[in-house]
Amino acid sequence: MSHASLRACIDDLAQHGHLVRIEEEIDARLEAAEIHRRVFQAGGPALYFARVKGCRFPMVSNLFGTLPRAEFMFRHTIETVRRLIELKIDPTNLWKRPWRYARVPLAALTLLPRRVSGGPVLAGQAQVSDLPQLVCWPDDGGPFIT
């Protein structure tokens, strides 16, 4: 089982001590990036900025800041993905050890893009300008959104 949404992933990280919520208002211009850099350099947790100055949306940072955290986030699917990669490298492995790769076809199907007519992102109205606009350096050409 993987996370159904980014919210579910964030909640899972918080529940297991891999995420820190910052409730104080932060500025997406320089302040958030500096906090992120310091936490990343220290090998610290993911960060959830609950209140971003001038923005109605929260911001999350450092999700993939450490390999152990990335492995934790994908702990339910990482072995199947590894096996899928093994087959991509050498498809003859399927015939040598078929039981090892029994779940791979279903996993491969779930990786294909799907067309949907609705979803959470379409339920509300938001413009790019509504999202937190991170500026990392004083002389940046402008904000960016990731």
Worksheet item: So for region 3-146, taking the charge dipole from beta-carbon charges (+1 Lys/Arg, -1 Asp/Glu), which of G142, M59, H16 sits furthest toward the positive end?
Response: H16
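Quickly estimate the mean residue ellipticity at 222 nm for the chain, helices only: each DSSP H run with n ≥ 4 gives -39500 (n - 2.57), and the total goes over all residues, rounded to 500. Please list the in-between numbers first.
Working: 7 runs with 56 residues, N = 146.
Mean residue ellipticity, 222 nm, calculated: -10500 deg cm²/dmol.
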Practice prompt. Would you mind getting the accessible area per residue of the chain, heavy atoms of the protein chains only, 1.4 Å probe, in Å²?
Written response: 73 Å²
Worksheet, complete the sentence: Listed by chain and number, the residues whose amide H is under 5 Å from that of V60, excluding neighbours fewer than 5 places away on the same chain and using placed H, are F49
Discussion item. Given all pairs of different Cα atoms, what value in angstroms does the Kirkwood hydrodynamic radius of region 1-124 take?
Written reply: 17.2 Å
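Got the relative contact order for region 1-99 handy, in percent, Cα pairs under 8 Å and 6 or more residues apart? It would help to have the intermediate numbers written out before the result.
Working: 96 pairs, mean separation 22.8, N = 99.
In percent, rounded to a whole number, it is 23.
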Fill in: Between helix 31-41 and the chain: long-axis angle, C-alpha atoms, 0 to 90°, nearest 10
40 degrees
Worksheet item: By DSSP, what percent of the beta bridges with both residues in the chain are antiparallel, rounded to the nearest 5?
Response: 40 percent
Item to complete: With the full set of protein chains in place, find how many percent of the accessible area of the chain is carbon and sulfur; take the probe as 1.4 Å.
Response: 59 percent
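The values are calculated or read from the model by the stated rules, or taken from the named source; none is laboratory data. Keep in mind that this is a model prediction, so the values were computed, not measured. Please note: Cβ atoms are built from the backbone with ideal geometry, for glycine as well, and neighbour counts cover all protein chains shown. Surface accessibility is based on the protein's heavy atoms, side chains included, excluding ligands, DNA and RNA. Shrake-Rupley method; radii C 1.70, N 1.55, O 1.52, S 1.80 Å.
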